[in-house]
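The values are calculated or read from the model by the stated rules, or taken from the named source; none is laboratory data. Note that the structure is predicted; figures quoted are calculated from it, not measured. Please note: Cβ atoms are built from the backbone with ideal geometry, for glycine as well, and neighbour counts cover all protein chains shown.
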Ligand SMILES: [Zn+2]
């Protein structure tokens, strides 16, 4: 492994983690829900557990929102509008 940098904490990026939002402690990516985060982790516990790359996540149907948070899947426009109005 050549990438052993400590991920930048969400708080240091000026991002507030609210509700079910979370940050991967392994790679530092942001997730809109714990479900999306679970989807981001591939492999088996204790064996080859790892983070999926953005390309792999996109291939799985995951979506990176304009707010910088990954989602497990594309959401209906009505939900996205609610986020934009927040
Ligand atoms: Zn990760």
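Consider residue 42 carefully, then state whether it is touching a residue at least 12 places away in the same chain (Cβ under 8 Å) and within 11 Å of the ligand (Cβ to nearest atom). Steps first, answer last, please.
Working: touching a residue at least 12 places away in the same chain (Cβ under 8 Å): yes; within 11 Å of the ligand (Cβ to nearest atom): yes.
For residue 42, the condition - touching a residue at least 12 places away in the same chain (Cβ under 8 Å) and within 11 Å of the ligand (Cβ to nearest atom) - is met.
Among what's in the stretch 22-37 and is farther than 16 Å from residue 74 by Cα and at pLDDT 95 or above, pick the residue that is farthest from the ligand (Cβ to nearest atom). Steps first, please.
Just the residues of the stretch 22-37 that are farther than 16 Å from residue 74 by Cα, to begin with: 22-29.
The next check asks that each one be at pLDDT 95 or above; those that pass are 22-24, 27-29.
Numbers: 22: 10, 23: 9, 24: 3, 27: 3, 28: 7, 29: 5 Å.
Checked the stretch 22-37; the qualifying residue farthest from the ligand (Cβ to nearest atom) is 22.
List pairs: first residue in the stretch 51-75 and at positive phi, second residue assigned to a helix (DSSP H, G or I) anywhere in the structure, Cβ distance under 9 angstrom, at least six positions apart or on different chains.
Listed pairs, sorted by first residue: 61/39; 68/13.
Considering the stretch 1-22 alone, what residues qualify as being farther than 17 Å from residue 63 by Cβ and touching a helix residue (DSSP H, G or I) at 6+ places or on another chain (Cβ under 8 Å)?
Just the residues of the stretch 1-22 that are farther than 17 Å from residue 63 by Cβ, to begin with: 1-19.
Residues satisfying the conditions are 16, 17.
For the stretch 60-70, enumerate the residues that are surrounded by 19 or more Cβ atoms within 10 Å (Cβ to Cβ) and either more than 12 Å from the chain's Cα centre (by Cα) or farther than 18 Å from residue 13 by Cβ (or both).
Across the stretch 60-70, the qualifying residue is only 62.
Say we look at the stretch 29-59 and pick out the residues that are surrounded by 16 or more Cβ atoms within 10 Å (Cβ to Cβ) and assigned to a loop (DSSP other than H, G, I, E, B); which of these is farthest from the chain's Cα centre (by Cα)?
That would be 52.
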